[in-house]
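The structure appears below as structure tokens.
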Amino acid sequence: MNVKISVGCTLAFTLVDLILSTVLYCHGSRLSSFSEDLLDFNVLLSLVDLWGCVLIRACLLIGASAGVLWNRELGPRRVSQLYTLVLLVSLALGTFALVKLLILSEREGGLTPWFLGLFSWTCVSSLGMVLLWGLLGKETVPGGGGGGGDGGGDEDRERLVDDREKEEEEKEEGEEGLGRRTGAKAGPQKTGSGATLGRLLWYCSEDVGLLSTAFLFLLISAVCEAFLPYYTGKAIDGIVTQQSMEDFTQPLLKLSALALASALAIGVRGGVFSLTLARLSLRLRNKLFRSLMRQEIGFFDANHTGDITSRLTSDTTQVSDLVSINVNIFLRSAVKAVGFFVFMFGLSWRLTLVTLMGFPFIAVVSKVYGEYYKRLTKEVQTSLAAANKVAEEVISSMRTVRSFACEEREADSYYSRLLVMYRLNRRQALAYACFAWSSSLSELALEVAILYYGGHLVVSGQMTGGTLIAFVIYALELVECLESISSVYSGLMQGVGAAEKVFEYLDREPQHRNDGQEAPPTCTGLVEFRDVTFAYPTRPETAILKGVSFTLRPGEVTALVGPSGSGKSSCVGLLENYYPPGGGQVLLDGRPVHTYRHDHLHSAVSLVGQEPVLFARTVEENISYGLTDVSMETVVEAASQANAHDFISALTRGYHTGVGEKGTQLSGGQKQRVAIARALIRQPCVLILDEATSALDAESEHIVQQALGAVMHGRTVLVVAHRLSTVERAHNILVLEAGAVAEQGSHAQLMARGGLYCRLVQRQLRGLEAGEAEVPTAPTGGGGGGGEEEEEERPAWTDAGCGGGGGGL
């Protein structure tokens, strides 16, 4: 809506408010009422003070309209910042109107139609003032000019403050920003608490039967408890007023029956809500984990494991508690509060109005506290995720930490993250203390007001003592319900804050989908890179591959070599469809790899990585990982091809031996051979060995190479290696430099050219010779032989120069 239209509506409402309030006060046209009330003012009789409320409303709305018109860019923001204060002023005006209603209701003929009209319009116009103030606060004009005077300097200063606040917010978000740098959509950045809570309850729609049962018993317990103070008052009147045991016993029996029914209903309700908690937790974690499994590899590159596991564990627990505990208590207290209010209004509408005067102020304080607590909760969850990230990283790399004696340093790093969370917890505690103080003070003021005015009604004969006692009990119970709602409100906001983070992951759509449908019955293994360019999603400005083109042919071994950072592992990632290429195509049998069905592609292309990861399962389960209905004979055959059968058989339980977390129960060479068996069991048409034999001793490497040679027929093999002893056996060698193919050919051809490949060979040879020179000679007769082993391991081409042909393959 245009600023002029909203300001025009505000000014028109102000004019109508002034005219209508004046007409109602003057009883139509009797303007002498002003002079009469001002000259002989009596708060118990005059209405000029009630009419004066219109001046407060007019001043506030006219001032806000002028501010918005004067500075259209920053004026609405400043108006919005004062919204809570204006809401409190509006509540004060409504409360004052209620006080006037109670005062004049004591007078004979005090509740005239003119007064009731002025009273009603005061309440309605106070609400209208809040709505119009919110409308003015929403108006923003991007790039709009300010007013005159020194307004420009104020705007610049405001902009600097806003920029600083944005920087602080980005800093507080921490690693969450990394997820946005991948370019994926994470859903709406800001979601209202009501919308988040509503969506969370929608997740409980499958348990509508259980929730309906719980709500039914909640109603039963609430209705039974609502009658308890009523029959308590009846019992007291039976003793004090009627002085009859019969009049005392009947209400007491009804009281006991209602208390028993309420206790039974409470038990059933609590059990059903607990069951709902378990079902919601199961469903939410399942959906979240499945959503994580759909994300592209770039998402996991950009987000730390600690952040993700924190969402999956602590955040989902808070979200489940939100429904099972907080919503349970909230509904119970709300239903009881409604029942208590109905009974209170039936006992005394005047005392009920006195009771209601304090509730809006408590609600505003709760809202302000809840919004602040919600923001703090999100910050606490972020800091907890940062601490979990450090803990997970250190614990999973404990050998490295121990080898560099960094235990104390890592402990200090974890403690510093905990201190950040502790400082936020202190702010939470201070906020809760202020909230509890204001709630207790409001409760005390409300009790004093009820007792004072209730005593006046008893003395004046307008209600009995038993009725007053029943009303006081209802009021205390109502306050207890509101306290429960208030305390639950912080839990609701905490759960909503955690739910928003969970929904960010649930709503996130993967940037690179595995939604291909191609699944050809045969695979020859022809791989083509056609003018491929690539940059990692977390570093889009850094080009890794620049127009790379090459072909991997079936039945041939192709070696990919080059300096570190030249793009070898990136080529592997593109062939595995971990990332989409920035340009060009990666083809398998003439089809782009992203068009293949996900499971079909990874049964046709198997990878043995440089650092293979085994799961905390048995050897058999690791070898057959991802496959179903695999016979033991097939597992043994794959292990034998990878030269792993002998050491597996020697384990305590053979193939049923657990390998520990990430395979820590096995040596590095054993882990790699199990990983090779895991790749070979799939009978792939394309086999990728990314430094797959780097951790094997010379004899095991030779046997594995022989085994691989036996299974290479009809397959495409891509070997990524730094050890050039592995490279010389390849049919074709691709040399990458700075993200481009620098050379291509056989070992002999590349050595003859004297290019980059030859220089890499010479550099490695000089490193080997320097290493041999540093090794002291073994004493005679000592049974050395280490030098002879090194000599045997050296490949035939190590004596060749760049200009020579070098040894054969």
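What's the total number of residues in region 621-642 that are of a type outside the set (Asp, Glu) and assigned to a loop (DSSP other than H, G, I, E, B)?
Our first condition is that a residue be of a type outside the set (Asp, Glu); within region 621-642, this holds for 622-628, 630-632, 634-636, 638-642.
Among the residues that remain, those that are also assigned to a loop (DSSP other than H, G, I, E, B) are: 624-628, 630-631, 642.
Total satisfying the criteria: 8.
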> Looking at region 365-382, which of the residues that are buried (at least 19 other Cβ atoms within 10 Å of the Cβ) and free of Cβ contacts under 8 Å to residues at least 60 places away in the same chain is nearest to Ser438 (Cα to Cα)?
Replying inline: Leu376
> How do the pairs read when you match residues in region 405-417 that are among the hydrophobic types (A, V, I, L, M, F, W, C) with residues anywhere that are surrounded by fewer than 15 Cβ atoms within 10 Å (Cβ to Cβ), using Cβ under 6 Å and keeping only pairs 6 or more apart or on different chains?
Replying inline: none
>> Can you say whether Leu351 is crowded, with 21+ Cβ neighbours inside 10 Å and in a helix (DSSP H, G or I), as far as the supplied structure shows?
In response: yes
> Looking only at helices (runs of 4 or more DSSP H) that fall completely inside region 1-104, which ones have 2 or more residues that are under 46 Å from the mean Cα position of the chain (by Cα)?
Replying inline: 3-25, 53-70, 75-81
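Of the residues Leu322, Leu312, Leu277, which is modelled with pLDDT under 85, crowded, with 22+ Cβ neighbours inside 10 Å and not assigned by TED's automatic domain parsing to the domain that holds Cys123? Lay out the reasoning, then the answer.
On the way: Leu312 fails: crowded, with 22+ Cβ neighbours inside 10 Å; Leu277 fails: crowded, with 22+ Cβ neighbours inside 10 Å.
Selected residue: Leu322, the only one of Leu322, Leu312, Leu277 that is modelled with pLDDT under 85, crowded, with 22+ Cβ neighbours inside 10 Å and not assigned by TED's automatic domain parsing to the domain that holds Cys123.
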> Across region 375-426, what is the number of residues that are touching a Ser or Thr at 6+ places or on another chain (Cβ under 9 Å) and not in a helix (DSSP H, G or I)?
Replying inline: 1
> Inside region 625-648, can you point out the residues that are surrounded by 23 or more Cβ atoms within 10 Å (Cβ to Cβ) and touching a residue at least 40 places away in the same chain (Cβ under 8 Å)?
Replying inline: Val635, Ala638, Ala642, Asn643
> Which ones in region 606-620 are in contact with a Gly (Cβ under 9 Å, 6 or more places away or on another chain) and either closer than 24 Å to Asp531 by Cα or not in a loop (DSSP other than H, G, I, E, B) (or both)?
Replying inline: Thr618, Val619, Glu620
>> Please verify whether Asp589 is more than 35 Å from the chain's Cα centre (by Cα), in the same structural domain as Val735 (by TED's automatic domain parsing) and surrounded by 18 or more Cβ atoms within 10 Å (Cβ to Cβ), treating the condition exactly as stated.
In response: yes
> Hey, which of the helices (runs of 4 or more DSSP H) in region 667-730, taking only ones fully inside, have at least 1 residues that are modelled with pLDDT under 75 and of a type in the set (Asp, Glu)?
Replying inline: 698-711
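If a residue has to be modelled with pLDDT of 85 or more and exposed (fewer than 14 other Cβ atoms within 10 Å of the Cβ) to count, how many in region 404-424 make the cut?
Here is the first cut: in region 404-424, the ones modelled with pLDDT of 85 or more are 407-424.
Those still in the list that are exposed (fewer than 14 other Cβ atoms within 10 Å of the Cβ) too: 407-409, 411-412, 415-416, 419, 422-423.
Residues meeting the conditions: 10.
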> Within region 281-298, can you find the residues that are in contact with a Ser or Thr (Cβ under 8 Å, 6 or more places away or on another chain) and either assigned by TED's automatic domain parsing to the domain that holds Tyr579 or surrounded by fewer than 22 Cβ atoms within 10 Å (Cβ to Cβ) (or both)?
Replying inline: Ser281, Arg285, Leu288, Glu296
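Does Ser566 satisfy the criteria of being touching a residue at least 12 places away in the same chain (Cβ under 8 Å) and out of contact with any helix residue (DSSP H, G or I) (no Cβ under 8 Å at 6 or more places or on another chain)?
yes
Determine whether region 305-312 contains at least one residue that is among the small types (Gly, Ala, Ser), outside any helix (DSSP H, G or I) and over 28 Å from Val338 (Cβ atoms).
Of all residues in region 305-312, those among the small types (Gly, Ala, Ser) come to 306, 310.
Right, trim to outside any helix (DSSP H, G or I) and you get none.
Among the residues of region 305-312, not one is among the small types (Gly, Ala, Ser), outside any helix (DSSP H, G or I) and over 28 Å from Val338 (Cβ atoms), which makes the answer no.
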>> For the list (1) under 30 Å from Ser383 (Cα atoms); (2) in a loop (DSSP other than H, G, I, E, B); (3) of a type in the set (Asp, Glu), I need the number of the one condition that Asp515 fails.
In response: (1)
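From the list Ala222, Ala261, Ala235, which residue is part of a helix (DSSP H, G or I), of a type in the set (A, V, I, L, M) and surrounded by fewer than 17 Cβ atoms within 10 Å (Cβ to Cβ)? Break it down into steps so the answer makes sense when it comes.
Details: Ala222 fails: surrounded by fewer than 17 Cβ atoms within 10 Å (Cβ to Cβ); Ala235 fails: surrounded by fewer than 17 Cβ atoms within 10 Å (Cβ to Cβ).
Step by step, each of Ala222, Ala261, Ala235 is checked, and only Ala261 is part of a helix (DSSP H, G or I), of a type in the set (A, V, I, L, M) and surrounded by fewer than 17 Cβ atoms within 10 Å (Cβ to Cβ).
Yes/no matrix, rows are residues, columns are (1) on the phi < 0 side of the Ramachandran plot; (2) not hydroxyl-bearing (Ser, Thr, Tyr):
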{"site": "Gly567", "(1), (2)": "no, yes"}
{"site": "Leu587", "(1), (2)": "yes, yes"}
{"site": "Thr618", "(1), (2)": "yes, no"}
{"site": "Thr634", "(1), (2)": "yes, no"}
{"site": "Val659", "(1), (2)": "yes, yes"}
{"site": "Thr664", "(1), (2)": "yes, no"}
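The values are calculated or read from the model by the stated rules, or taken from the named source; none is laboratory data. Remember, predicted model here, so these are calculated numbers, not experimental data. Counting neighbours? That spans all protein chains shown, and the Cβs are built from the backbone with ideal geometry, glycine included.
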